[in-house]
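Data first, discussion second: the structure below is written as structure tokens.
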Amino acid sequence: MSRIGRKPIPIPSGVDVKVGDARVLVTGPLGQLEWPLFPGIHVEIDNDVVSLTRENDSPELRAMHGLTRVEIASQVLGVKDGFTRNLEVMGVGYRAQVQGNSLSFSIGYAHPVTLELPAGIDASVEKQTMITVKGIDKRVVSQVAARIRELKVPDVYKNKGIKYVGEILRKKAGKAGKK
């Protein structure tokens, strides 16, 4: 049996988990999320604990067992506390700003770059260089943060670009001149 899939998921107070119609619905103070159940995966809820089982040991079903457990656990955390990703804009003249439901960047191109935020995602900018992406769905928050980062991937020669806070970039030495 999957080591990850067999771990029980505790349900904190204020969060409600319901199973029905081949999907799991997780509701909490910040919103609600749902996850479709793969055929052969069974979810049981008793005493504020969610546990998952599978019908057989086929490789595909074993993989879906662990994935479903991790997704439901992430949704329980998301509707209770939410998820955040922090990014930093590095470079002279590089900046970001929030304009309605989109982010606008000045990152060295001849024109400003705008990125529309999907529903359920909030972004804030502090000091024009620190971006915080917030939401209840871990997948969407991480995807939006990755899309922001790929607008201007950090350059290891000039230390310019958009990076995650805590990401370590080692500046490389440039090409040595002719002697």
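Confirm whether Arg85 is in contact with a Ser or Thr (Cβ under 9 Å, 6 or more places away or on another chain), crowded, with 21+ Cβ neighbours inside 10 Å, charged (D, E, K, R) and closer than 30 Å to Asp155 by Cα.
yes
Give the residues of the stretch 58-82 that are open to solvent by 30 Å² or more (accessible area, probe 1.4 Å) and either part of a loop (DSSP other than H, G, I, E, B) or of a type in the set (A, V, I, L, M) (or both), sorted by residue number.
Within the stretch 58-82, the first condition is being open to solvent by 30 Å² or more (accessible area, probe 1.4 Å), and the residues that meet it are 58-60, 62-64, 67, 69-70, 77, 80-81.
Matches in the stretch 58-82: Ser58, Ala63, Met64, Leu67, Val70, Leu77, Asp81.
Restricting attention to the stretch 1-53, report how many residues are at positive phi, open to solvent by less than 70 Å² (accessible area, probe 1.4 Å) and part of a loop (DSSP other than H, G, I, E, B).
Final tally of qualifying residues: 3.
Failed condition for Lys134, given (1) assigned to a strand (DSSP E or B); (2) at pLDDT below 90, with all others met?
(2)
Yes/no per residue for (1) in contact (Cβ under 8 Å) with a residue 24 or more places away in the chain; (2) farther than 27 Å from Lys134 by Cα:
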| position | (1), (2) |
| --- | --- |
| Ala22 | no, yes |
| Gln32 | yes, no |
| Leu37 | yes, no |
| Ser51 | yes, yes |
| Arg95 | yes, no |
| Val98 | yes, no |
| Leu103 | yes, no |
| Ile107 | yes, no |
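Looking at the stretch 128-144, is at least one residue on the phi > 0 side of the Ramachandran plot and open to solvent by 80 Å² or more (accessible area, probe 1.4 Å)?
Yes; the residues of the stretch 128-144 include at least one that is on the phi > 0 side of the Ramachandran plot and open to solvent by 80 Å² or more (accessible area, probe 1.4 Å).
Across the stretch 90-131, what is the total count of residues that are touching a strand residue (DSSP E or B) at 6+ places or on another chain (Cβ under 9 Å) and either in a strand (DSSP E or B) or within 27 Å of Glu34 (Cα to Cα) (or both)?
Qualifying residue count for the region: 27.
The values are calculated or read from the model by the stated rules, or taken from the named source; none is laboratory data. This one's a predicted model, so the numbers in the text were calculated from it and none came from an experiment. For neighbour counting, all protein chains shown are included, and Cβ atoms are generated from backbone atoms with ideal geometry for every residue, glycine included. Side chains are part of the model used for accessible areas, which takes the heavy atoms of the whole protein and leaves out ligands, DNA and RNA. Shrake-Rupley method; radii C 1.70, N 1.55, O 1.52, S 1.80 Å.
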